[in-house]
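Read through the structure below, which is laid out as structure tokens, and then see the notes.
The values are calculated or read from the model by the stated rules, or taken from the named source; none is laboratory data. Keep in mind it's a predicted model, so treat the numbers as computed, not measured. All Cβ positions, glycine included, derive from the backbone under ideal geometry; neighbour counts span all protein chains shown.
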């Protein structure tokens, strides 16, 4: 009976605090004892080389649920079971609300999603020397870095961002990752003419934006894995980062400045790169800067 009660308490508490599942976020993990050499890293796309681009929506996951009258006649076990069931229902409502909001946001940029379908990430980055690949031959001298890039675009198609989930698997099949993190890159705001070009189906412009965001995220991940940021212990400060829904306060420390981007390592150890430019220049210029920085680094 005690075991049953303990299990029900765990289920109840877990149901009460669980957040809706989000595949574009991850927790930071780092159990490595050493840094890698840059030549030992190979970035591998875990899903496919196609572009996953989604619309932006406000992350309001509050669920309106009618109050539940708990029946006390069933005792403590019955009461805990009722609370757990209620928490699960509320969590399910949150998930459905977020899912519906994402579908609506995707519908608002459906033209952009269709335009991105013909873009191949491997082909985009083949000239950047980023080390990106769709697969890696088994080799003890190569550390396979798995990446899952998810792009986001505003309804007005004037702001883009990228969440890249990065991880290195453990040595055995069922081992936990030895490294795992999130790299976020926020582009400058596009001009009205650039947004209009995207609305008119300018695939070259979209390809340039996507290439710059992804290459920037890979360079940040590589810098972290090779120990470039390891000795940076400056005190955390408060920064204002321009995001899709205005400005957000980020607490952390600046670890890098490159290609018009300031890279912040926040208190969760995520890396957030936001542009210092008021507006986006040509995508080709941004990509050229990224290549130059990669070669010099």
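For the reader, a short list of remarks on this structure follows.
- Condition met for residue 212 (in contact with a helix residue (DSSP H, G or I) (Cβ under 9 Å, 6 or more places away or on another chain) and not in a strand (DSSP E or B)): yes
- Of 171, 217, all but one fail to be outside any strand (DSSP E or B) and closer than 23 Å to residue 251 by Cβ; the exception is 217.
- Residues that are touching a strand residue (DSSP E or B) at 6+ places or on another chain (Cβ under 8 Å) and outside any loop (DSSP other than H, G, I, E, B), drawn from the stretch 188-207: none
- Complete set of residues in the stretch 132-158 that are farther than 18 Å from residue 203 by Cα, at pLDDT 90 or above and touching a helix residue (DSSP H, G or I) at 6+ places or on another chain (Cβ under 6 Å): 149
- Single residue of 263, 250, 241 found to be in contact with a helix residue (DSSP H, G or I) (Cβ under 8 Å, 6 or more places away or on another chain), in a strand (DSSP E or B) and surrounded by 16 or more Cβ atoms within 10 Å (Cβ to Cβ): 263
- Selection within the stretch 113-131: residues that are touching a strand residue (DSSP E or B) at 6+ places or on another chain (Cβ under 6 Å) and at pLDDT 85 or above. The member of this set that is farthest from residue 213 (Cα to Cα) is 113.
- Residue identified as in contact (Cβ under 8 Å) with a residue 40 or more places away in the chain, assigned to a strand (DSSP E or B), surrounded by fewer than 21 Cβ atoms within 10 Å (Cβ to Cβ) and touching a strand residue (DSSP E or B) at 6+ places or on another chain (Cβ under 9 Å) among 166, 185, 144: 144
- Residue match in the stretch 95-106 (condition: out of contact with any strand residue (DSSP E or B) (no Cβ under 8 Å at 6 or more places or on another chain), over 23 Å from residue 149 (Cα atoms) and either surrounded by fewer than 17 Cβ atoms within 10 Å (Cβ to Cβ) or at pLDDT below 90 (or both)): yes
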